[in-house]
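The values are calculated or read from the model by the stated rules, or taken from the named source; none is laboratory data. Note that this is a predicted model, so its numbers are computed, not measured. Cβ coordinates were reconstructed from backbone atoms using ideal geometry, including for glycine residues, and neighbour counts include every protein chain displayed.
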Amino acid sequence: MNISLVFASLTSTRTETVLSEASTAADKMRVSADAVVKHPLQNEWSFWMFTNREKDNWEANLVEMVSFDTVEDYWCLYHHMKTPSELDKGQDYLVFKKGIRPMWEDMGNKSGGRWLLMLDGVKPGYMDSIWSDVVLLLIGVNFEHSDEINGVVVNIRDKNKISIWMRSINRKAIVEVGRKLRVRFRLPCRIHFYKHNSSTALYSF
């Protein structure tokens, strides 16, 4: 679904609280579709959140929060959510094309892999900047072979990381996306591409 409302909070450690607060904010801050000229994105995207609650299995901890398909709806979401560095350890943000679940087993992902950016030693503000820029590149179709990219994930752990998920292991697409990431963000360490469910890097920059 499209978002025509603003979420005041999407990042409580209790998903039930997040949904309740978001609903309350929606009633107070609804944006009139007639009053705003919106610019459609090429694809519709879903914003997901993962919160590690030990009592639940992995899938139960993963919640699709909202979908968006215009520039304005994305910025509405962006300006009313916490940055990745403000999340608790064990939480993730995930932005994927609508209809693709952010898990290896999904039909859209199972033949692909991911570029992994390890953010050891990277300052929190820079991690937030990388996340924001990657999402904008993705939804704005500013990557070569954007059709090969399914989504992006930021994991908040002892060692934070961002991964860009690709739907296949098309060498040309993988290499061009990896080079762009490496040049754009000038990370202090190499980045690696892994096929899903594999610990062996296929490509590195």
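Rundown of residues vs (1) surrounded by 15 or more Cβ atoms within 10 Å (Cβ to Cβ); (2) among the basic types (Lys, Arg); (3) under 19 Å from residue 193 (Cα atoms), yes/no style:
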position: 86; (1), (2), (3): no, no, no
position: 99; (1), (2), (3): no, no, no
position: 128; (1), (2), (3): yes, no, no
position: 150; (1), (2), (3): yes, no, yes
| Taking the stretch 102-114 on its own, how many of its residues are crowded, with 21+ Cβ neighbours inside 10 Å and more than 13 Å from the chain's Cα centre (by Cα)? | 3
| Residues of the stretch 100-119 satisfying the condition of being touching a residue at least 60 places away in the same chain (Cβ under 8 Å) and of a type in the set (S, T, N, Q) | 109
| message | Quick check on the stretch 130-148: of everything there that is of a type in the set (A, V, I, L, M, F, W, C) and surrounded by fewer than 17 Cβ atoms within 10 Å (Cβ to Cβ), which residue is modelled with the lowest pLDDT? | response | 141
